[in-house]
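These notes are about the structure you will find just below.
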Amino acid sequence: MGSGFGGSVTAQRLAAAGKRVLVLERGKAYPPGSFPRSPIGFKSNFWDPSDGLHGLFDLWSFSGLDAVISSGLGGGSLIYANVLLRKDEKWFVESGPGGESWPITRADLEPHYQAAEDKIGVHKYPLEHAPYDKTPKTLAFKAAAEARGMDWFRPPLAVTFGNEGEDPSPGVPIREEHENIHRRPRETCRLVGECDIGCNFGAKNTLDYTYLSQAWRDGADIRTRCEVREFEPREGGGWTVRYVEHTDEREGRPTDVARLPRKTVTADHLVLAAGTLGSTYLLLRNRGALPGLSPRLGEGFTGNGDLLTFAVRCTQKGLDGRRAPRRIDPAYGPVITSAVRIGDELDGDGSQGRGLYVEDAGYPEFVSWMLQLVDAPSAVAKALPVLARLVATRLRHGNEDVSAELSALLGECTLSSGALPLLLMGRDVPDGRMSIANDRLEVDWRKDGGSMSYFDRARDVARDISDELGASFLDNPMWWFSRVITVHPLGGCRIGRTDEEGVVDPYGRVFNLPGLHVADGSVMPGPVGPNPSLTIAALAERFADAMLDGTPAEPPRRAPRLARSAEGAPRPSSAPPGPRAVSVRFTEEMKGFLDFEETDYHRAFRAGRAAGEPLMFRLTITVDDVDRFEKDRDREAQVRGWVGSDAFGGRRRVEGGHFNLFVDQEGALRRTKRMYYRLFFRDVAGHPLTLVGHKHVVDEPGFDVWSDTSTLYTRILRGHVGVDEQPDAEVVATAILHILKRDFARQLTTFRADPAYRVDAIARFGLLFAGQLAKVYGRSAAR
């Protein structure tokens with residue numbers, strides 16, 4: 001599910017081993033020449049099928065940050081800047097802020113790093129060869145970094161600069177041993193700075209040309225424009241997956257994706273590789289079908305310390321000692337050519353603070369023209385005398401050579417040619433939390449949380465480089481709105497040693513759910529530090545080894561949490577109301593908190609409250625025949641309304657169920673009665689769930705009438721579970737709900753009788769309620 005650095009690696013490894021592999025990618029394939037460059041092309045190059053957009057860029061906006069991810073065959077490799085760096089050995093934290101704890105080491109990943117580098121193909125920017133040796137931004141960044149004593153280097157890039165055995169040269173046909181999945185020719189890097197908007201020449205060694213092409217040649221079934229919506233365990237093992245197709249006919253037309261027909265496939269193993277946001281969202285969205293899923297789901301979000309800053313209007317000293325504009329020309333070359341590593345307190349070399357990387361950056365040529373337009377007012381002012389001379393020449397019918405004057409119209413281009421974006425990333429604090437509300441992903445993370453000291457240090461480093469370049473330092477404008485932009489979202493399905501620490505084990509296997517795996521950035525226990533793509537690929541290589549070898553053995557599955565017996569709950573009645581039946585109805589609202597791990601009611605309530613997992617319902621309870629209700633020991637009423645929980649997708653309609661008032665408990669030491677609730681509903685993904693609850697009414701020391709009649713001990717069960725089926729039903733969540741006093745006061749105003757004039761029926765219901773309380777607590781309590 002997904003074809004990024006996790007999905008493509010896993011698919012290729014399994015297909016090469018002869019396994020039957022299906023890859024479902026929601027986005028389109030992008031062969032060379034298919035990435036848009038015109039304004040009209042960019043307008044539709046975003047991902048939102050509900051609005052008819054089937055494009056490459058998927059932008060998510062959360063409360064404290066924005067995230068940019070991609071949608072297409074090859075995942076994030078289509079828009080990343082090609083850097084493949086290994087995670088620093090000493091940055092594999094064993095215990096750190098935000099719960100960061102890596103149960104794997106650099107040594108564990110070394111062979112997998114090498115395997116990924118070999119298959120993708122990495123090369124350093126060939127600065128020793130012409131014309132690369134004249135790349136202005138690389139030379140300027142190198143000089144500035146070294147003048148400040150920083151550790152400058154050229155990182156490995158997934159870019160082809162030349163054919164093997166030949167000197168690198170721009171625009172040369174690439175010789176490939178095998179046909180790629182697009183069946184299109186490729187060319188070496190043309191140095192046009194378009195890596196982040198899709199390389200139209202195929203110079204980037206993106207995953208569609210590497211791992212996915214090999215998987216395709218090995219027989220993998222690769223389907224594009226297929227977006228997974230629901231999945232669940234199959235009876236007897238394996239998984240059922242349902243997806244929708246985004247067809248050409250729907251592109252450009254608003255579409256209700258929820259109503260699209262589902263296609264269904266089944267598999268023994270399901271690998272979630274939809275990216276940090278996608279995989280975590282899918283697990284949260286389908287949580288109702290996944291009892292045993294770790295309560296750590298959604299925790300540990302980090303943006304990998306991403307920060308974008310700018311050095312603008314760079315200058316240098318001239319021969320006369322005065323500063324003059326410096327040419328940076330950021331559109332020349334691949335987006336990133338070199339980097340600086342800033343030490344970390346974990347390095348043990350005297351470095352202070354949390355470490356980071358700074359990388360030079362570029363952008364496409366058309367951005368330079370946009371910046372030139374921004375700088376137009378000053379250029380126009382300088383051009384006025386030139387324009388005056390041109391007009392005078394034409395009036396005299398002269399034939400003066402005006403080439404120099406026309407050139408001068410563009411001014412000095414100090415902004416368009418003298419700007420250097422600086423990309424920073426590193427060890428921020430992974431203290432964010434991901435959740436779902438009304439079927440939308442939410443991320444609770446802010447830069448001014450635990451990561452503020454890191455970002456202060458990162459900005460200081462960027463400012464030092466800007467100063468050395470004789471430039472003005474400029475923050476990303478979003479910084480002043482307390483926001484950052486990340487292109488490396490990580491976390492949410494952390495690797496852990498147990499399900500109390502993470503969602504997956506150190507081999508990508510989801511705890512307690514055999515056959516379910518996660519292989520993407522969501523498994524990171526914290527920030528990678530450098531660009532995380534290679535670490536994701538290396539982990540996927542490791543995970544694939546475990547899937548193929550079956551070693552080490554999967555951690556033992558925790559025994560399913562089964563619901564206790566219905567404890568005296570009566571079976572529902574099917575008797576219709578009498579011909580002259582009088583009904584009474586009222587509305588009840590209860591609120592509380594749930595937890596997916598705890599099975600003790602009180603501990604679950606406290607854990608849910610601490611984690612911010614609310615649960616509530618609003619029900620209209622109808623006694624359809626008051627006469628029969630008074631005589632029937634089960635006192636059954638019908639219910640309709642909704643169950644509300646962000647964990648299950650917001651307000652979910654009650655599809656059926658029943659309520660029982662004051663049912664005697666046989667064999668109890670004290671006079672004991674219970675009220676029972678059984679509500680059938682579905683989560684946002686359509687999985688059936690049952691809310692079962694009881695109020696325990698018993699006379700104990702102290703005046704406890706209110707607490708007994710306003711406290712509902714609640715479980716959410718997997719499936720639509722009847723009374724007889726309850727002992728074998730799996731518990732999804734546990735909760736306690738309460739009637740708040742203000743809601744109770746409102747509830748008293750909602751009583752209605754049908755026919756409306758039979759208000760005596762309401763009085764009879766009230767007397768019945770009071771009489772039953774009197775049997776338990778005595779008459780004074782009943783009053």
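The values are calculated or read from the model by the stated rules, or taken from the named source; none is laboratory data. Bear in mind that the values here come from a model prediction, so they are computed numbers and not experimental data. Every residue, glycine among them, receives a Cβ derived from its backbone with ideal geometry; neighbour counts consider all protein chains shown. For accessibility, only protein heavy atoms count, side chains too; no ligands or nucleic acids. Shrake-Rupley method; radii C 1.70, N 1.55, O 1.52, S 1.80 Å.
With Cβ to Cβ distances under 13 Å as the rule, what net charge do the other residues near Leu516 carry (K, R +1; D, E -1)? Can you show the working numbers first?
Details: positive: Arg234, Arg287, Arg509, Arg557; negative: Glu232, Asp268, Asp499, Asp505, Glu554.
Around Leu516, the surrounding residues sum to -1.
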On the formula 1/(1 + (r/R0)^6), with r taken between the Cβ atoms of Glu110 and Asp627 and R0 of 60 Å, the FRET efficiency rounded to 0.05 is 0.15
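How high is the relative contact order of the range 10-158? Use alpha-carbon pairs under 8 Å, at least six apart in sequence, and give a whole percent.
Values: 139 pairs, mean separation 22.7, N = 149.
Value for the range 10-158: 15 percent.
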Under the 7 Å Cα-to-Cβ spin-label approximation, Asn476 and Asp456 lie apart by a distance in nanometres of 2.1 nm
Computed over the range 184-231, the distribution of all Cα-Cα distances in 10 Å bins, rounded to whole %, is 21, 39, 30, 9, 1
Stretched fully, the stretch from Asp600 through Glu94 gains (0.36 nm per residue minus C-alpha distance, one decimal, in nm) 179.1 nm
Here P(r) for the chain, Cα-Cα distances in 10 Å bins, as whole percents, is 2, 12, 20, 20, 16, 11, 8, 6, 3, 1, 0, 0
FRET efficiency (Arg640, Phe366; Cβ distance; R0 51 Å; to 0.05) is 0.30
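With a 10 Å radius around each residue's Cβ, average the other Cβ atoms per peptide and rank 616-624, 729-737, 354-362, 92-100, highest first.
On the way: 616-624: 20.1, 729-737: 23.9, 354-362: 25.9, 92-100: 17.1.
In decreasing order of mean packing, 616-624, 729-737, 354-362, 92-100 become 354-362, 729-737, 616-624, 92-100.
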Share of accessible surface on carbon and sulfur in the range 406-503, whole %, 1.4 Å probe and ligands ignored, is 51 percent
Of all DSSP beta bridges having both residues in the range 1-141, the percent classed as antiparallel (nearest 5) is 80 percent
Residue-normalised value, i.e. accessible area per residue, for the range 679-783 at 1.4 Å probe, in Å², stands at 46 Å²
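Any number yet on Rg/Rh for the range 652-783, C-alpha, Kirkwood?
Details: Rg = 16.8 Å, Rh = 16.7 Å.
That ratio is 1.00, to two decimals.
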So, relative contact order of the chain in percent, Cα under 8 Å, 6 or more apart, is 15 percent
Lys and Arg at +1, Asp and Glu at -1: neighbours of Thr105 with Cβ under 11 Å from its Cβ sum to -1
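Compute the semi-axes of the equivalent ellipsoid of the range 537-609, taking the square root of 5 times each eigenvalue of the Cα gyration tensor, and list them largest first in whole Å. Could you put the intermediate results ahead of the total?
Values: eigenvalues 471, 74, 45 Å².
Working from the Cα gyration tensor, I get semi-axes of 49, 19, 15 Å.
Please compute the alpha carbon radius of gyration of the range 196-345, then divide it by the globular-protein estimate 2.2 N^0.38 Å. Two decimals is fine. Please list the in-between numbers first.
Values: Rg = 23.8 Å, N = 150, 2.2 N^0.38 = 14.8 Å.
That ratio works out to 1.61.
Tell me the relative contact order for the range 700-783 as a rounded percent, counting alpha carbon contacts under 8 Å between residues six or more apart. Please report the intermediate quantities before stating the final value.
On the way: 55 pairs, mean separation 18.3, N = 84.
Over the range 700-783, the number comes to 22 percent.
So between Val374 and Ala130, what do we pick up on full extension, going 0.36 nm a residue minus the alpha carbon distance? Don't skip to the end; give the middle numbers.
On the way: separation 244, 0.36 × 244 = 87.84 nm, distance 3.27 nm.
Residue separation times 0.36 nm, minus the Cα-Cα distance, leaves 84.6 nm.
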Between the modelled labels at Ser351 and Arg175 (7 Å from Cα along Cα→Cβ) the distance in nm is 4.1 nm
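Sorted by average packing, counted as other Cβ atoms within 10 angstrom per residue and highest first, what order do 759-765, 684-690 take? Numbers along the way, then the final one.
Details: 759-765: 16.6, 684-690: 20.6.
Output ranking for 759-765, 684-690: 684-690, 759-765.
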Over its alpha-carbon atoms, the range 62-211 yields an Rg and a Dmax in Å of 17.9, 51
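Starting from the range 171-225, pick out the GluC sites (Glu not before Pro) whose DSSP state is loop and whose Cβ has at most 14 other Cβ atoms within 10 Å. Write out the running numbers ahead of the final one.
Numbers: sites: Glu176, Glu177, Glu179, Glu187, Glu194; in loops: Glu176, Glu177, Glu179, Glu194.
Passing sites in the range 171-225 are Glu176, Glu177, Glu179.
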Expressed as a percent, the accessible surface of the range 520-564 that is carbon or sulfur, using a 1.4 Å probe and the full set of protein chains, is 55 percent
Order by accessible surface, 1.4 Å probe, largest leading, for residues Phe481, Phe310, Phe161 comes to Phe481, Phe310, Phe161
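Please report the net charge: other residues with Cβ closer than 10 Å to the Cβ of Leu157, K and R +1, D and E -1. Walk me through the numbers on the way to the answer.
Working: positive: Lys124, Arg154, Lys204; negative: none.
Spelling it out: positives minus negatives among the neighbours equals +3.
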Under 14 Å by backbone N from the virtual spin label 7 Å along Cα-to-Cβ at Arg497, the residues of the range 86-125 are 93-96, 100-105
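Which percent of the accessible heavy-atom area of the range 18-77 goes to carbon and sulfur, probe 1.4 angstrom?
On the way: 1410 of 2420 Å².
C and S fraction of accessible area: 58 percent.
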Residues of the range 581-619 with backbone N under 15 Å of the label point set 7 Å from the Cα of Ser710 along Cα→Cβ are 588-592
Residue by residue through the range 303-310, the couplings from Karplus 6.51 cos²θ - 1.76 cosθ + 1.60 with θ = phi - 60°, in Hz, x for Gly and Pro, are x, 6, x, 4, 8, 10, 10, 9
